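These notes concern the structure reproduced below.
The values are calculated or read from the model by the stated rules, or taken from the named source; none is laboratory data. Worth saying up front: this structure is predicted, and the values here are computed from it rather than measured. Ideal geometry is used to build each Cβ from the backbone, glycine not excepted, and the neighbour counts take in all protein chains shown.
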Amino acid sequence: MQAAIEFFNVFKTTIIDVLPIISIILFFQIAVIRKPIPNIKRVGFGFFYVLLGLALFLMGLEKALFPLGKMMAEQLTAPEFILGTDTLPDVIKWQDYYWVYIFAAAIGFSTTIAEPSLIAVAIKANEVSGGAINATSLRIAVALGVAIGIALGSYRIVVGDPIHYYIIGGYIVVVIQTMCCPKMIIPLAYDSGGVTTSTVTVPLVAALGLGLAATIPGRSALIDGFGLIAFASLFPIIAVMGYAQLSAFKTHLAEKENKDEI
């Protein structure tokens, strides 16, 4: 009964949130385009499924993904797990938390591979490029970038370094890569950072960051806990452009070898 009441409240909030979108679409369709909505019954059912899915997803975040991320952070940073004792060390050693970095990289890679928005972008990129951009390779490159980024972001939380040093350094690399990278891949690389931080990745990553900051001594959930999403957005850009640069370099070497043979 309690779960039904909670779902009803979430569903009601979802309707309120989606109402502006529906209102704008109806306004433009009726007042600007001045045509009836085709297949209105099917569109209506579609909107209902959207509302129902969003409500279930939001409830799943609150009941499962956020608690799961926090629980894993608490368990991986517990003194009895990393040191075999209940006594907290006087000095935090970053190398003691190697399982945290491994978990962060693994969860970043796996959630990115399962990200629906990335799958959609990869398929469209493959279609538009006529097969020049392999959808699977693109997803793996983005996932590796997220894995490295979240692992590095977790390290930053453990050691307590200011986040802006990492982000500024990362974007310096991005600017340099942008000047040297094949032009075809640059927009896709920049988009990959945005589509990565979506429905599957964000809840677990945000919960992991807040959980680490809450359980590691001397860290602030507000100052240190947030920011993992920034790493998850930045490093896929570097990874995708790096993949394109590596592919272009291999192609150049192959062409050079063919010319030498001729």
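Look at the range 210-234: where a residue is free of Cβ contacts under 8 Å to residues at least 40 places away in the same chain and a partner is crowded, with 18+ Cβ neighbours inside 10 Å and assigned to a loop (DSSP other than H, G, I, E, B), sitting 6+ places away or on another chain with Cβ atoms under 9 Å, you get I229/T197.
Any chance the range 29-39 includes a residue that's touching a residue at least 24 places away in the same chain (Cβ under 8 Å), farther than 30 Å from G193 by Cα and outside any helix (DSSP H, G or I)? Spell out the reasoning first.
As a first pass, look at the range 29-39 and keep what is touching a residue at least 24 places away in the same chain (Cβ under 8 Å): none.
No.
Quick check on my filter: what residues within the range 166-198 are of a type in the set (S, T, N, Q) and either farther than 15 Å from A230 by Cα or outside the structural domain of T111 (by TED's automatic domain parsing) (or both)?
The answer is Q177, T178.
Is there a residue being free of Cβ contacts under 8 Å to residues at least 12 places away in the same chain, of a type outside the set (S, T, N, Q) and touching a Ser or Thr at 6+ places or on another chain (Cβ under 8 Å) anywhere in the range 6-22? For the range 6-22, residues free of Cβ contacts under 8 Å to residues at least 12 places away in the same chain, of a type outside the set (S, T, N, Q) and touching a Ser or Thr at 6+ places or on another chain (Cβ under 8 Å): absent.
I'm trying to understand the selection: among the residues of the range 114-142, which are without any contact (Cβ under 8 Å) to a residue 60 or more places away in the chain and buried (at least 18 other Cβ atoms within 10 Å of the Cβ)? Residues satisfying the conditions are A122, I133, A135, R139. Those helices (runs of 4 or more DSSP H) of the range 49-140 in which at least 1 residues are outside the structural domain of I186 (by TED's automatic domain parsing), aliphatic (A, V, I, L, M) and at pLDDT below 85, considering only elements entirely within it, cover 66-76.
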